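Q: One structure, as structure tokens, below. Some questions next.
Derivation of every value follows stated rules applied to the coordinates shown; laboratory data play no part. Note that the coordinates shown come from a computational prediction; the quantities given were computed from them, not determined experimentally. Cβ coordinates were reconstructed from backbone atoms using ideal geometry, including for glycine residues, and neighbour counts include every protein chain displayed.
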């Protein structure tokens, strides 16, 4: 009996400790639901509900002013991107005094993630004038911090108000981000239909373009033939490997001096 009680005590403490580990957060609810389904919640510890409320909801995001964020330049080091604050203390050699990205500490330097301007004028929140591709780049940077660093909360400014609610600027960013992902998907679809050709050049042999089932890094069951492909909205064509079923599309042209049925075209210097 004593051994059973000891085992149950260790089990409860073990679960409690796991609930406090950040990397275990995605599995907390799953474990609790699993225990509920097995009836273990009632059998093992009647206070499991208290554990749920304590361990799952202990984190409360902070809403920081810019002045408060500016205090976190050493000791704990914080930075913000798109208004979200992350603890980057474990990256002190990069973000601490003397580090390559020291300027990001204690502020939201969103714009600099794209421009690479790490001076006072560049380390600002302003995202006006960015392209869809640059919005994608910003989002990828934020995802990196979300993955590698502890999330602290939000900073009041360009992206969040004093209540932690998204501003018009952030809503506009999210709108452009959706457009960017839509464009990225369209580009990926286009590459699947018209995979890029393999290409090589040498001074002796000149240029060669050719197609394989892997050309362009896109695996498929057909090889295709090289064609000049001018995509709508583009000003210059690219080499695409084209399936024989699509050869009559007006935006495709045979390379001068290349056999229309050849899978490889050479252009001597």
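Q: In what order do 147, 107 fall by count of nearby beta-carbon atoms within 10 Å, going from fewest to most?
A: Starting with the residue having the fewest Cβ neighbours, the order is 147, 107.
Q: I've got another one for you. State, as an integer percentage, the relative contact order of the range 119-269 based on alpha-carbon contacts under 8 Å between residues 6 or more apart.
A: Over the range 119-269, the number comes to 18 percent.
Q: Also, I was wondering about something else. Compute the distance in nm between two label points, each set 7 Å from the Cα along the Cα-to-Cβ direction, one at residue 117 and one at residue 175.
A: 2.5
Q: Along the three principal axes, how long is the range 135-226 when you take its alpha carbons, biggest first, rounded to the nearest angstrom?
A: Between the extreme Cα coordinates on each principal axis of the range 135-226 lie 64, 25, 23 Å.
Q: Using only the Cα atoms of the range 81-194, build the gyration tensor, take square roots of its eigenvalues as a ≥ b ≥ c, and label the shape rounded, prolate or oblate: rounded if a/c is under 1.5, else prolate if a/b is larger than b/c, else oblate.
A: The shape class here is prolate.
Q: While we're here: 7 Å from Cα along Cα→Cβ at both residue 235 and residue 150: what's the point-to-point distance in nm?
A: Each label point is offset 7 Å from its Cα along the Cβ direction, giving 5.1 nm.
Q: May I pose another question? So for the range 148-224, averaging the separation of alpha carbon pairs under 8 Å that are six or more residues apart and normalising by length, what relative contact order in percent results?
A: Worked out over the range 148-224, it gives 15 percent.
Q: Defining a contact as two alpha carbons under 8 Å apart and six or more residues distant in sequence, what relative contact order in percent does the range 62-184 show?
A: This gives 29 percent for the range 62-184.
Q: If you don't mind, another one. Sort the following peptides by mean Cβ neighbour count (other Cβ atoms within 10 Å, averaged over residues), highest first: 152-159, 95-102.
A: Result, highest mean Cβ count within 10 Å first: 152-159, 95-102.
Q: Applying a 10 Å radius around every beta-carbon, put 197-203, 135-141 in order of their mean neighbour count, most first.
A: Highest mean packing first, the order is 135-141, 197-203.
Q: Hey, how many Å between the Cα centroid of the range 165-200 and the Cα centroid of the range 201-221?
A: Taking the Cα centre of the range 201-221 as reference, the centre of the range 165-200 is 26 Å away.
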